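Down below is the structure, laid out as structure tokens.
The values are calculated or read from the model by the stated rules, or taken from the named source; none is laboratory data. All figures in this text were calculated on a predicted structure; none of them were measured in a lab. Don't worry about glycine lacking a Cβ; one is built from the backbone with ideal geometry, like all the others, and counts go over all protein chains shown.
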């Protein structure tokens, strides 16, 4: 979910595992030359989702820690691609925590329908996140070191 800590935890996890870090939202911005919110405002949600899916499908991870946009789970093809190249992790946060963290929902580049709330997004996306997650880690606190250590300990045996 937006606000779950994907980028923050991703960077710290990459350092801990001595891996590179990639954020697919930044790849989208790099490829299009546009901010995520601008794409959503000017082209709409379907166009954004198509750009996101194509960007993720074209990217082939080679051992990096990858943070995706929260809406990538809407693309079956993109998720199959990611799952075939690594371990998918769901950073689980409660609705209340996400509400506290997402104060800039209208300018953050979050894919959502008109009037769709954080609670609506969570209810819609959580089953998809859980479907694709090989690992689920609670991240409802701001003790990032704790989350990173737990995740690194779980991932190290899987990474070889």
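Does at least one position in segment 58-69 carry a residue that is in a helix (DSSP H, G or I) and at pLDDT below 95? Checking segment 58-69: not a single residue is in a helix (DSSP H, G or I) and at pLDDT below 95.
Per the listing 87, 110, 65, the residue uniquely under 15 Å from the mean Cα position of the chain (by Cα), surrounded by 20 or more Cβ atoms within 10 Å (Cβ to Cβ), within 23 Å of residue 152 (Cα to Cα) and touching a residue at least 40 places away in the same chain (Cβ under 8 Å) is 65. Residue check: residue 77 meets all listed conditions (1) at pLDDT 85 or above; (2) under 16 Å from the mean Cα position of the chain (by Cα); (3) over 27 Å from residue 39 (Cα atoms) but one, namely (3).
Each residue in segment 122-160 was checked for being surrounded by 14 or more Cβ atoms within 10 Å (Cβ to Cβ) and farther than 15 Å from residue 91 by Cα, and 1 of them qualify. Given the criteria surrounded by 15 or more Cβ atoms within 10 Å (Cβ to Cβ) and modelled with pLDDT under 95, does residue 5 qualify? Answer is yes for this residue.
Go through (1) at pLDDT below 95; (2) touching a strand residue (DSSP E or B) at 6+ places or on another chain (Cβ under 6 Å) one by one and return the number of the condition residue 37 breaks. Condition not satisfied by residue 37: (2).
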